[in-house]
Amino acid sequence: MDNFKALKSKLTDKLITILIVTNTVFVLLSWWVFEFDVIKSDLISLAAVIVPLIATSIFIGIKYTNYAMKPFEYVRQAIVHVAPGSSAQPAPQLEKVKLGRELVTSLVMLVYQYASQQPKETEETDHRRAVIQAANVVSHMPLPLFVFNKDQIVTNASDIGIEYCKIESSNLFGKPLYDSINMEFSTPETLEKWLIECQSNKVTDNKYWERVRLVLPDDNKTVRQCDIAAYYNRDNPSGTEFIVTLFDRTEQYEEDDKQMSFVALAVHELRTPLTILRGYIEVLQEELDAKENQEIYGYVSKMEASASQLTAFVNNILNVSRIESNQMTMELHEENWPETLKSSCENAEMRAKAHGKEIEYQIPEDLPTVGIDKISIYEVVNNLLENAIKYSGQSKQIIISTRLNEDGMIETSVQDFGLGIPSNVLPYLFDKFYRNHRTKGEVGGTGLGLFLCKSIVDAHGGQISAKSKENEGSTFTFTISPYSELADELKNGNNSEITRTAHGWIKNHSIYRR
């Protein structure tokens with residue numbers, strides 16, 4: 001029999017005993033009063049029986065209630081004793097328990113055991129307090145900072161972040177950041193793409209982007225430029241998996257843009273005299289007989305090569321300026337790639353001959369058509385050939401090859417056998433203004449050509465890379481998409497041509513449709 005049933009049985013037995021004794025006493029008292037006519041008045045006799053009965057019942061009820069509730073009083077004392085804020089309540093003295101000692105002792109021990117296992121405040125309260133504290137810390141951070149959960153939803157943000165992006169909190173929280181803020185990345189490695197990659201393949205990771213443009217929602221004209229740092233931690237107990245911080249660089253980058261704009265303005269003034277110069281050179285070439293005036297014709301050919309080189313330089317400066325201001329657009333059309341590639345090399349071929357170089361072509365004729373902007377791709381090919389000519393050294397051979405690679409992309413390579421590039425330089429080749437410190441004193445250049453090539457190839461949805469070994473030469477390779485891949489894009493669009501920008505990686509969209 002358990003302790004509770006034992007207590008219940010004992011109380012029942014006690015109550016039955018009291019009732020039997022009490023009722024017996026009153027029955028005998030009533031018999032004695034009425035049988036022997038102790039009191040002459042019937043009314044008084046009745047009162048003499050009822051009043052003691054009521055008084056006795058009240059007395060017994062009070063005494064029995066106190067007796068029956070005594071075990072629960074000990075349990076109550078134990079609960080209050082361990083309750084938060086009630087340390088003044090002493091612990092019950094279990095040795096004084098008489099009724100239900102086993103039950104009371106076991107219940108009090110359970111109370112003590114439970115209290116020893118629980119903190120003073122519940123885990124839920126602690127968690128709630130931690131969340132509130134974290135939210136306070138984030139909201140008062142002195143940087144634009146945004147917190148995402150595992151669903152990439154913004155759950156918290158600093159006050160400065162909300163102000164910096166000029167967005168209402170109601171339009172920010174509960175949505176992905178890239179859906180609320182218009183971000184333009186200079187590479188296809190966008191924030192959203194990184195978030196997806198992290199959740200697919202990584203446990204922790206971090207990422208840094210430079211020169212990210214934020215187009216503010218107030219009028220879609222105000223642009224801020226910043227760097228972005230992001231951190232990822234999978235299954236964080238707090239529920240925070242991504243932290244994204246913005247570092248405002250608007251003033252610094254705008255100063256760079258102004259300098260580039262000034263250079264572009266100055267360079268732009270060269271176009272008119274350069275065009276006139278090239279026109280006169282062409283007239284001279286037509287008028288001169290190469291056989292009769294071989295020496296002069298050679299001079300004119302070198303003048304033509306130098307004028308073409310200067311033209312390429314001017315175009316690079318102007319195109320980079322357009323990229324920085326997001327004004328360089330490319331219209332992609334279906335083109336025959338072997339024909340386009342050969343025609344793109346015509347000017348470079350003259351420069352190569354002027355420098356004693358020979359261009360060898362390895363171009364199959366059965367390649368699929370491509371979706372390109374001819375003028376932009378012309379710039380890519382000419383810049384790569386210009387570099388091959390400049391860095392060939394004593395080598396005379398330059399090879400241009402193209403093929404359909406394993407990924408279904410048209411892959412084109414420009415290979416030289418000259419100076420080569422140190423391995424520690426390769427990662428920075430496509431950075432703006434970067435020049436190899438070992439060769440920049442020997443070979444002229446601006447450090448913009450490869451940056452321009454990468455921007456254009458990226459906007460075409462392709463990739464560009466370099467392989468090199470010192471004193472053995474370099475190979476630059478870029479890919480572009482067959483037109484068949486772009487055909488689906490045209491079908492889904494509402495226009496007859498695809499327009500892309502060299503600086504138009506907005507949110508996670510590699511295509512920026514104007």
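The values are calculated or read from the model by the stated rules, or taken from the named source; none is laboratory data. Note that the structure is predicted; figures quoted are calculated from it, not measured. Glycine also receives a Cβ, built like all others from the backbone with ideal geometry; neighbour counts cover every protein chain displayed. Please note that ligands, DNA and RNA were not included when accessible areas were found on the heavy atoms of the full protein model with its side chains. Shrake-Rupley method; radii C 1.70, N 1.55, O 1.52, S 1.80 Å.
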Förster-model FRET efficiency, 22 Å R0, T17 and V51, C-beta, rounded to 0.05: 0.40
Given points 7 Å out from each Cα along the Cα-Cβ axis, report the Y361 to E346 separation in nanometres with one decimal. 1.2
As an exercise, use a Förster radius of 25 Å and the Cβ-Cβ distance of Y428 and E472 to find the FRET efficiency, rounded to the nearest 0.05. 0.80
Show F451, F72 ordered by accessible area, largest first, where the area counts protein heavy atoms only and the probe is 1.4 Å. F72, F451
For the ranges 175-183, 339-347, what's the packing order if you count other beta-carbon atoms within 10 Å of each residue, average per peptide, and put the highest first? 175-183, 339-347
Would you mind calculating the gained length between K166 and A83 on full extension (0.36 nm times residue separation, minus the Cα-Cα distance), in nm to one decimal? 24.9 nm
Got a number for the accessible area of T275? Probe 1.4 Å, square angstrom, nearest 10. 100
Using a 1.4 Å probe on heavy atoms of the protein chains only, the accessible area for E331 in Å², nearest 10, reads 80
Row for the range 135-182, column shape: gyration tensor on C-alpha, a ≥ b ≥ c, rounded if a/c < 1.5 i.e. under 1.5, prolate if a/b over b/c, else oblate; value oblate
Once you have the Cα-Cα distance between E334 and Y231, take 0.36 nm times their residue separation minus that, and quote the gain in nm to one decimal. 32.9 nm
Shape category assigned to the range 132-228 from the gyration tensor of Cα positions, a/c cut at 1.5: oblate
Sort 299-307, 382-390, 353-361, 59-67 by packing, meaning the average of other beta carbons within 10 Å per residue, with the highest value first. 382-390, 299-307, 353-361, 59-67
For the pair L216 and H140, what calculated FRET efficiency results from E = 1/(1 + (r/R0)^6), where r is the Cβ-Cβ distance and R0 = 22 Å, to the nearest 0.05? 0.45
